[in-house]
Amino acid sequence: MTTEEKHNCRDDDRIIADIEKYGLSVIILDATEYLPSFAYSIGLWQKFKHPEIICFGLTTKTLGGLINDVADLVKSGQTIQINRDYDDFFENGDVQFIPVDKRNLEDYFGTAIDIYNTRDFPALQFVWTDRNNKFPWEEGFEEEFIYRQPL
């Protein structure tokens, strides 16, 4: 077994242990020249039959916190509703959750696919508004944020 394989096994073990202990594990990826930073959950589907959550384009610390905030709602028995405004995540802005097309799961949820050993799980994207409280699909959304939040 190579060092990389050992490292991946240990990561998988940690992820599985986190899911057992906390109900989820949060995967956080730094921005690259091709993609903004993003974070997603693994475990919400397995433990709560709730879609996994993904969020893009904020600081990695903020992304991790937001995924955990959503998970806290799910753990308390709430089901996140799609296309509904939520105003309890940011002081001055709304968020909505939209379904992730299953064809895009492989592009962003690689570790979840490996852990679940399937591509057959639902996911929702946590979509945030700009400084004018406009969503990416609304006219006037701030141009500087367009590429930080792929839909």
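The values are calculated or read from the model by the stated rules, or taken from the named source; none is laboratory data. All values reported here derive from a predicted model rather than from experimental measurement. Don't worry about glycine lacking a Cβ; one is built from the backbone with ideal geometry, like all the others, and counts go over all protein chains shown. These area figures cover heavy atoms from the full protein model, side chains too; ligands, DNA and RNA do not enter into them. Shrake-Rupley method; radii C 1.70, N 1.55, O 1.52, S 1.80 Å.
Numbers below:
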read-out	value
ASP120 versus LEU35: modelled label distance in nm, points set 7 Å from Cα along the beta carbon direction	2.5 nm
In degrees, nearest ten, helix 3-22 long axis to first principal axis of the chain (Cα)	70 degrees
Inter-centroid distance (Cα atoms) of the range 122-151 relative to the range 98-113, Å	18 Å
Neighbourhood net charge (15 Å Cβ-Cβ; Lys/Arg +1, Asp/Glu -1) for LYS61	-2
Evaluated at q = 0.13, 0.20 Å⁻¹: base-10 log I(q)/I(0), Debye formula over Cα of the range 1-147	-0.59, -1.34
Modelled FRET efficiency - R0 22 Å, GLU142 with ASP87, Cβ distances, 0.05 increments	0.70
Computed [θ] at 222 nm, helices only, for the chain once each DSSP H run of length n ≥ 4 contributes -39500 (n - 2.57)	-10000 deg cm²/dmol
With DNA, RNA and ligands ignored, accessible area of GLU106 (1.4 Å probe; Å², nearest 10)	110 Å²
Difference of contour (0.36 nm per residue) and Cα-Cα distance, ASP101 to THR59	12.7 nm
FRET efficiency, LEU73 to LYS21 (Cβ-Cβ, R0 25 Å, nearest 0.05)	0.85
Whole-Å semi-axes of the range 40-123's equivalent ellipsoid (Cα gyration tensor)	21, 14, 12
Of GLN125, GLN81, GLN96, the one that fluctuates the most in a GNM where the chain has Cα springs shorter than 10 Å	GLN81
Folded to 0 to 90 degrees: helix 60-75 orientation relative to the chain principal axis, Cα	80 degrees
Reachable aspartates and glutamates from LYS49, criterion Cα separation under 13 angstrom, eight or more residues apart if same chain	ASP120
Of TRP128, TRP45, TRP137, the one that fluctuates the most in a GNM where the chain has Cα springs shorter than 10 Å	TRP137
Vicinal HN-Hα couplings computed from phi for the range 137-151 (Karplus, 6.51 cos²θ - 1.76 cosθ + 1.60; Hz; Gly/Pro x)	8, 9, 4, x, 4, 4, 4, 5, 9, 4, 8, 7, 9, x, 9
